[in-house]
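K.L.:
Pasting in a structure now, in structure tokens, and then I'll have a few things to ask.
The values are calculated or read from the model by the stated rules, or taken from the named source; none is laboratory data. All figures in this text were calculated on a predicted structure; none of them were measured in a lab. Because the Cβ atoms are built from the backbone with ideal geometry, glycine has one as well, and the counts that use them run over all protein chains shown. Accessible surface areas use protein heavy atoms only, side chains included; no ligands, DNA or RNA. Shrake-Rupley method; radii C 1.70, N 1.55, O 1.52, S 1.80 Å.
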Amino acid sequence: QVQLVESGGGLVQSGGSLRLSCAASGIICSTTDMSWYRQAPGKQREFVASITGGGTTDYAVSVKGRFTIFRDNSKSTVDLQMNTLYPYDTAVYYCMAYYFLNIYWGQGPQLTVSS
């Protein structure tokens with residue numbers, strides 16, 4: 001059974017930093033395509049960042065240069081380091097795994113960036 005459990009959300013001031021972590025079980029995290037998405041109030045869920053099984057990363061334009069996605073294979077996690085946060089980064093952040101043609105989502109921690 002695939003399970004994604006995120007942690008690290010919370011409240012941070014504008015310009016601050018925060019790290020989200022997605023712990024994966026039931027999959028081989030080190031070789032699975034993983035992504036982060038976010039959904040702000042009243043808006044559709046949008047892509048934030050991804051990392052392929054081979055380690056190739058991709059970012060939304062709005063976060064490029066500020067966010068970094070990376071794996072910690074020793075912990076079977078995919079983390080999202082977020083720097084220089086702005087109020088418009090406020091959203092629920094979801095971890096997603098694409099594994100054997102199926103998509104799995106985590107529960108989504110809330111990030112609130114205050115101005």
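K.L.:
Enumerate the pairs (first residue in segment 39-57 and farther than 19 Å from Val78 by Cα; second residue anywhere and part of a loop (DSSP other than H, G, I, E, B) and of a type in the set (S, T, N, Q)) with beta-carbon separation below 9 Å, excluding pairs fewer than 6 apart on the same chain, so at least 6 apart or on different chains.
P.N.:
Listed by first residue and then by second, the contacts come to Ala40/Thr90; Pro41/Thr90.
K.L.:
Quick check on segment 86-100: of everything there that is more than 13 Å from the chain's Cα centre (by Cα) and under 16 Å from Ser35 (Cα atoms), which residue is most open to solvent (accessible area, probe 1.4 Å)?
P.N.:
The residue in question is Phe100.
K.L.:
Something else about it: Arg71 is checked against (1) more than 12 Å from the chain's Cα centre (by Cα); (2) modelled with pLDDT under 95 and fails just one. What number does that condition carry?
P.N.:
(1)
K.L.:
Right, next: Among the residues of segment 20-45, which ones are at pLDDT 90 or above, among the polar types (S, T, N, Q) and either within 15 Å of Gly8 (Cβ to Cβ) or part of a strand (DSSP E or B) (or both)?
P.N.:
Ser21, Ser35, Gln39
K.L.:
Now, a different point. Filter segment 16-40 down to residues that are open to solvent by less than 50 Å² (accessible area, probe 1.4 Å) and under 12 Å from Met82 (Cα atoms), then give me how many there are.
P.N.:
Here the count works out to 5.
K.L.:
Does at least one position in segment 74-81 carry a residue that is under 11 Å from the mean Cα position of the chain (by Cα), open to solvent by 20 Å² or more (accessible area, probe 1.4 Å) and of a type in the set (S, T, N, Q)? Show your work before the answer.
P.N.:
First pass over segment 74-81, keeping only residues under 11 Å from the mean Cα position of the chain (by Cα): 77-81.
After this cut, where a residue has to be open to solvent by 20 Å² or more (accessible area, probe 1.4 Å) as well, the list is 81.
Within this subset, residues satisfying the condition of being of a type in the set (S, T, N, Q) are 81.
Checking segment 74-81: at least one residue is under 11 Å from the mean Cα position of the chain (by Cα), open to solvent by 20 Å² or more (accessible area, probe 1.4 Å) and of a type in the set (S, T, N, Q).
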